[in-house]
Amino acid sequence: MATLTVLMLVGFLFWIDGGSGLEQEAPYRIHTLFSVECQNYFDWQTVGLMHSFKKAQQPGPITRLLSCTDVEKKNYRGMHLAPTLEVPSMSKHPKTGDWYPAINKPAGIVHWLKHSKDADNVDWVVILDADMIIRGPIIPWELGAEKGRPVAAYYGYLVGCDNILAKLHTKHPELCDKVGGLLAMHIDDLRALAPLWLSKTEEVREDRTHWGTNFTGDIYGTGWISEMYGYSFGAAEVGLRHKISEDLMIYPGYTPRKGVEPILIHYGLPFSVGNWSFSKLDHHEDDIVYDCGRLFPEPPYPREVRLMASDLNKKRALFLNLECINTLNEGLLLQHAANGCSKPKWSRYLSFLKSKTFADLTRPKFLAPGGIETKEAANQGGNQEQAVDEPEKPHPKMHTIFSTECTPYFDWQTVGLVHSFHLSGQPGNITRLLSCKDEDLKQYAGHDLAPTHYVPSMSQHPLTGDWYPAINKPAAVLHWLNHADIDAEFIVILDADMILRGPITPWEFKAARGRPVSTPYDYLIGCDNELAKLHTRHPDACDKVGGVIIMHIDDLRKFALLWLHKTEEVRADKAHYSTNITGDIYASGWISEMYGYSFGAAELKLRHIINSEILIYPGYVPEPGVKYRVFHYGLEFKVGNWSFDKANWRDTDVVNKCWAKFPDPPDPLTLDRSNEDILQRDLLSIECGKTLNDALELHHKKRNCPDPHSLSTSKHDTGKEDSSSRKFGRFDGSNAVRSNPVATKNSEETSPPVPKDRLFGSLRFWVVALWMISGLGFLAVMFMVFSGRKSKGSKSKTYRSRRR
């Protein structure tokens, strides 16, 4: 009987333990950490993260590492917002005096490891940023984390891992991983890493010589991401190789990979749904946590969003945007109640946040087996290097390049292309080939707009004196090949006036050595006539292509010089400039570079795979079901009364003037839906225009442009006018340098804007004058009326006296 009782007890214990005592011997204690400061800005982020932590059913406790100065702590109101460990602030470095608040993250973790009892009772640590929303439980071992092999999100812009920066700051540059955002690691690894994370952050922060964008990938060039490099270099020092995932975390506005549910939203960048948008930087001083009943502006409802995109993945991206802001607002609503605020008045939006529909949309997301892919940062042996930039193991490395000049015209195009590059999920890195004269380069202000390779300008040919800026494209590619350290196998060549909508990869479009991929340029009729016979030995191999090019690096090295030489040759052949020979409607030899490409490729018998589903011009009707990867806005396009033509903005500096932008396109919800072809055409046109404006807005925020809502009274008025212009889709000249951008035929200069003050001054004068004239007229009429009554009264008295 006793034996039976013991067996039953063992069986019961085995059952409640989950059926596998061996599995449960593995360490399962998880602790989540995030670092903040004593500011309203971090308080509303804390509310959002804490609410999502509970909603996502994240296991284990969570601790906020709160870095405050003594002065800040006296007035701080948010001590109740999360379980908190107070950490001495290092925003101002105690030794150097350097102001760098981001250092509080590694400093806070070092402090937690030394002073918190929780650090002695945990096996796995998940480290997040405050500006995140958790969508489902983050369980390190389910993500593939092991001791010595943490899991992290991919931060591809940390180019310093591949250049001299890593060689200067770690003894093991080959172990440097481009990671950040989400970190899941064993406590023993964190103990080894944390002190080096802090010291390497200090080290990189002091290395001002290498703060430049070309070294760090930091578009500010101010050392702001030193803490991220501190982590990567510290991890390299202790030999930690990461399992890297591009699927675990997503930025709102990015499109998730098909079939993947990210379990973390990082709202570090502005995002939008239709005409609604949100940027955390707009709420830097916002005390919304303590302002009863106030929430962030409500976004569109799911029913409206379903009409905004036909592509299922894009629709998923829009719903992720909604989920992010709605979860923040739901957290604020609950926090207001916890603060003792009275019950808010009913509204449709509050009703939605409490609805079953919203609850169903935001249920915890659990990882499906094999649903998340991680890239091994090193081979199993740990001795051989493997490139982190590869999107998947079997796929070759790739690099994207585009050519520009030192002008405002190319600067705003650069801002748009680079912004879309980061949104598109394009693998590898991007480089701008910048062709400038020395005197122009001295005055140039756009060095930080993109990772850049500088090229001597050939706009004016050094031998012939011919003015032909388009020749800079093949000249720049040749210069880059001869002077840059290139480790990519495939090169994607774009034009600056393009917007990426999705990745363009050699493996998807079947590019191979000897078989480049490109898009059709059917107007290159010179491939079919005497022009090809004059300029290539193989006219039958001439392909009418251009725009987007995917080419193997070996082919490009053989081909680039021919591209340049054939461009010079066709440009010099003025006898054959005519439209009937070249297809050039201007008959000016302007497309000589395009023929240089086709004839150069024909010389090597490089036959292209021509794909018409990669690129579309906004304004063209798309083929049903085609997911175009690139907008090429080389031509004017329109939606109703709104239009955009890049040529009208040739001399306008919308990059260096704060908050300058293009006219807002119409709201997609206002479009006529009776013709599906026209609807899809207009939706693509709106998307292109909106992406350009989103890129400019983000650029201005990164440049720390002053908040337009906190300027002087006159500027306040301008801001109000601007908001109304956005609402109704008209263009406000005060916000974008010119009011009527129309290129003149001869000089390509634009009509200057009407000076706003002078316009309003004259208007004010006429209003005052009209008011005075009206007043005088009124007094004159009243005088005549009263005079008439007086004389009439005297006459009646005389009449009555006579009758008496």
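The values are calculated or read from the model by the stated rules, or taken from the named source; none is laboratory data. Quick caveat: nothing in here was measured; it's all calculated off a predicted structure. We place every Cβ from the backbone using ideal geometry, glycine too, and count neighbours over all the protein chains shown. Heavy atoms of the whole protein, side chains included, go into the accessibility calculation; ligands, DNA and RNA do not. Shrake-Rupley method; radii C 1.70, N 1.55, O 1.52, S 1.80 Å.
Below are the figures for this structure:
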| quantity | calculated |
| --- | --- |
| Solvent-accessible area per residue, Å², over the stretch 30-250 with all protein chains present [probe radius 1.4 Å] | 36 |
| Using θ = phi - 60° and Karplus 6.51 cos²θ - 1.76 cosθ + 1.60, couplings along the stretch 135-145 (whole Hz; Gly, Pro as x) | 9, x, x, 9, 10, x, 6, 6, 7, x, 5 |
| Packing rank of 55-61, 245-251, 114-120, 288-294, where each peptide gets the mean count of other beta carbons within 10 Å, highest leading | 245-251, 55-61, 288-294, 114-120 |
| For the stretch 561-605: rounded, prolate or oblate by the Cα gyration tensor [a/c cutoff 1.5] | prolate |
| The stretch 274-362 - percent relative contact order, Cα under 8 Å, separation 6 or more | 33 |
| J(HN,Hα) series, the stretch 256-267, from Karplus relation 6.51 cos²θ - 1.76 cosθ + 1.60, nearest Hz, glycine and proline x | x, 5, 4, x, 10, 10, x, 9, 8, 10, 10, 8 |
| Ser277 long-range amide H proximity, modeled H, under 5 Å | none |
| Extension gain (nm, one decimal) between Ser347 and Ser612, 0.36 nm per residue minus Cα-Cα | 90.5 nm |
| Protein accessible area in the stretch 274-362, 1.4 Å probe - carbon and sulfur % | 56 |
| Amide H within-cut-off set for Thr431, under 5 Å, with H built and near neighbours excluded | Thr400, Ile401, Phe402 |
| Coarse-grained scattering of the stretch 274-362 at q = 0.14, 0.18 Å⁻¹, given as base-10 log I(q)/I(0) from a Debye sum over alpha-carbon atoms | -0.54, -0.86 |
| Partners for Lys343 among aspartates and glutamates (Cα-Cα distance below 20 Å; same-chain residues under 8 apart left out) | Asp287, Asp291, Glu298, Glu330 |
| Ranked by how many other beta carbons lie within 10 Å on average, peptides 202-208, 129-135 from highest | 129-135, 202-208 |
| Cα→Cβ-extended label distance, 7 Å offset, between Glu623 and Leu168, nm | 5.0 |
| Gap separating the Cα centres of the stretch 191-228 and the stretch 128-161, nearest whole Å | 19 |
| Segment Glu86-Lys74, extension gain: residue separation times 0.36 nm, minus the distance between their alpha carbons | 3.0 nm |
| Accessible carbon and sulfur surface of the stretch 30-250 relative to its total accessible area, %, 1.4 Å | 53 |
| Euclidean distance of C-alpha centroids, the stretch 102-122 and the stretch 252-303, integer Å | 30 |
| Expected-Rg normalisation [2.2 N^0.38 Å, Cα atoms] applied to the stretch 30-250 | 0.97 |
| Other-chain or far-sequence residues with amide H under 5 Å of Val179's (modelled H) | Tyr155 |
| Karplus 3J(HN,Hα) series, Hz, for the stretch 164-174 with 6.51 cos²θ - 1.76 cosθ + 1.60 (x for Gly, Pro) | 5, 4, 5, 5, 7, 10, 8, 6, 10, x, 5 |
| Distance violations [Cα-Cα > 18 Å] among Lys258/Lys627; Lys533/Lys574; Lys473/Lys661 | Lys473/Lys661 |
| Per DSSP, loop trypsin sites (Lys or Arg not before Pro) in the stretch 645-697 with at most 11 further Cβ within 10 Å | Arg673 |
| Heavy-atom surface of the stretch 274-362, accessible at 1.4 Å and reported per residue (Å²) | 50 |
